[in-house]
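Enquirer: Here you go, one structure.
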2 protein chains.
Amino acid sequence: MSTHQQPVRTPRTPRAAQIAAAARGLLEERGRDELTMRALAERLGIRAPSLYKHFRNKEAVEAALVEDALAEMGAALHAALGEVPAAGRVPALLAAYRRHALAHPGLYRLATTGPLPRAALPGGLEEWAGSPFFLATDEPHLAQALWSYAHGMVLLELDHRYPDGSDLDLTWQAGARAFTASGGRSAPDVP
Amino acid sequence: MSTHQQPVRTPRTPRAAQIAAAARGLLEERGRDELTMRALAERLGIRAPSLYKHFRNKEAVEAALVEDALAEMGAALHAALGEVPAAGRVPALLAAYRRHALAHPGLYRLATTGPLPRAALPGGLEEWAGSPFFLATDEPHLAQALWSYAHGMVLLELDHRYPDGSDLDLTWQAGARAFTASGGRSAPDVP
DNA sequence: TTGCGCAGCTAACAGCGTTAGCCTTACGCT
DNA sequence: AGCGTAAGGCTAACGCTGTTAGCTGCGCAA
């Protein structure tokens, strides 16, 4: 229907999949800079150099996680849009974005900050993961602005940049209101 | 008047100021992960361990740069608001934010991503640097949303996350329109 | 003149990603 | 049955990182 098909995923040997899973666990449990090749190997019961039999280098391990992150984020956003009438798409999209990002903070950061390893990613995955913003706004520039807003909100929330005691639910609502009131060809106001 | 006084700065010995200046140059010219203690020392004609006579550790050097970054960003934003009538504050603020961040990308990233070294920062500096968003919107939650939007835009632009050929001027305009049309107690629409 | 402290130095350590080279195991083919 | 090969582990080591300990020389103050 309105949600295009998810792009093909990069094939992964069974052992590579195990390593990626262990890396993901390490990333979420101990944070980005404790995801080291030696710690990853230890979690798998092997030594660090053995990892290089399965991944070219650390960046390739991270690229595998980025691929997972984009695929899962894309699936969550497309699913959120599927359940909602056109008028309520922006708030639904923002809620799903926030929920998914905060549920996987390490993965979110890895996939969305710093340079994207585009060469190691399946073609079309990035666009597919971002397309819900275009589906929710019907206008490319407003879609990019909405995406930027959601990204900024999540990062500032993860980094504890908002003043203590901020009611972020209300902040997300204020942003949702701003983006539904404006520009979108099909969205009536949601006070 | 409406712009409060800038908070006091942390005192810095002459040598510490030289080191911070060299660190800033290194950060902007060669990027965040080429800002190493050895490279910094070499630029100053000394050896890395000597730096520890002036800064407790690398994090303290970075904290000095974060302080500079917040003070300068705050000054730029307050200045931008001072030149503009109430109605045009949001677009003026966003334009100044973008211009300043893109002019000092390394410093911007250092100061706004990852955990803030709040303990090493002068009290009130962070709030002062962020207060222009409150002055521009007159509503705390919309202010935080606007800030998040600007932050997300800058980061995605710096990280080249937008599709090739995106006209980001138009995206910034779309966001400015969304945030001026909505909520703000004093802002009429700016088509 | 004596003493002190500032600001440099070398040597070294642990941890990082990564490479080279070795060895064992398992499997397919003749 | 035996051989060849490839997969997937291993150790040792390199150059890089931040950081510490301890030494040295210079300048200033009492």
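Enquirer: Does segment A:83-140 hold any residues that are closer than 21 Å to residue A:21 by Cα and of a type in the set (Phe, Trp, Tyr), and which are they?
Expert: A:108
Enquirer: Look at segment A:1-50 and say how many of its residues are modelled with pLDDT of 95 or more, closer than 26 Å to residue A:125 by Cα and hydrophobic (A, V, I, L, M, F, W, C).
Expert: Of the residues in segment A:1-50, 10 are modelled with pLDDT of 95 or more, closer than 26 Å to residue A:125 by Cα and hydrophobic (A, V, I, L, M, F, W, C).
Enquirer: Considering A:26, A:51, A:35, which residue is within 21 Å of residue A:108 (Cβ to Cβ), buried (at least 18 other Cβ atoms within 10 Å of the Cβ) and within 8 Å of DNA strand C (Cβ to nearest atom)?
Expert: A:35
Enquirer: Now for a separate question. Can you tell which of B:75, B:71, B:79 is under 18 Å from the mean Cα position of the chain (by Cα) and free of Cβ contacts under 8 Å to residues at least 24 places away in the same chain?
Expert: B:79
Enquirer: I've got another one for you. Quick one: is residue B:48 out of contact with any His (no Cβ under 6 Å at 6 or more places or on another chain), near DNA strand D (Cβ under 10 Å from one of its atoms) and more than 14 Å from chain A (Cβ to nearest Cβ)?
Expert: yes
Enquirer: Right, residue A:56: more than 14 Å from the chain's Cα centre (by Cα), free of Cβ contacts under 8 Å to residues at least 12 places away in the same chain and more than 14 Å from DNA strand D (Cβ to nearest atom) or not?
Expert: no
Enquirer: Next question, about the same structure. Report yes if some residue within segment B:78-85 is closer than 22 Å to residue A:153 by Cα and surrounded by 18 or more Cβ atoms within 10 Å (Cβ to Cβ); otherwise report no.
Expert: The answer is no; no qualifying residue exists.
Enquirer: Going by the conditions given, is residue B:100 farther than 23 Å from residue A:161 by Cα and either within 16 Å of DNA strand D (Cβ to nearest atom) or at pLDDT 95 or above (or both)?
Expert: No.
Enquirer: Only one of these conditions is not met by residue B:79: (1) touching a helix residue (DSSP H, G or I) at 6+ places or on another chain (Cβ under 7 Å); (2) away from DNA strand C (no atom under 16 Å from the Cβ). Which number is it?
Expert: (1)
Enquirer: Follow-up. For segment B:143-154, does any single residue satisfy the condition of being more than 23 Å from residue A:143 (Cα to Cα), more than 7 Å from chain A (Cβ to nearest Cβ) and either over 13 Å from the mean Cα position of the chain (by Cα) or not aromatic (Phe, Trp, Tyr) (or both)?
Expert: No, that holds for no residue.
Enquirer: When the residues of segment B:175-191 are filtered to those that are assigned to a helix (DSSP H, G or I) and modelled with pLDDT under 95, which remaining residue is farthest from the other protein chains (Cβ to nearest Cβ)?
Expert: Going through the qualifying residues, I end up with B:180.
The values are calculated or read from the model by the stated rules, or taken from the named source; none is laboratory data. Remember, it's a predicted structure, so these values are computed and weren't measured experimentally. Backbone-built Cβ (ideal geometry, glycine too); neighbour counts: all protein chains shown.
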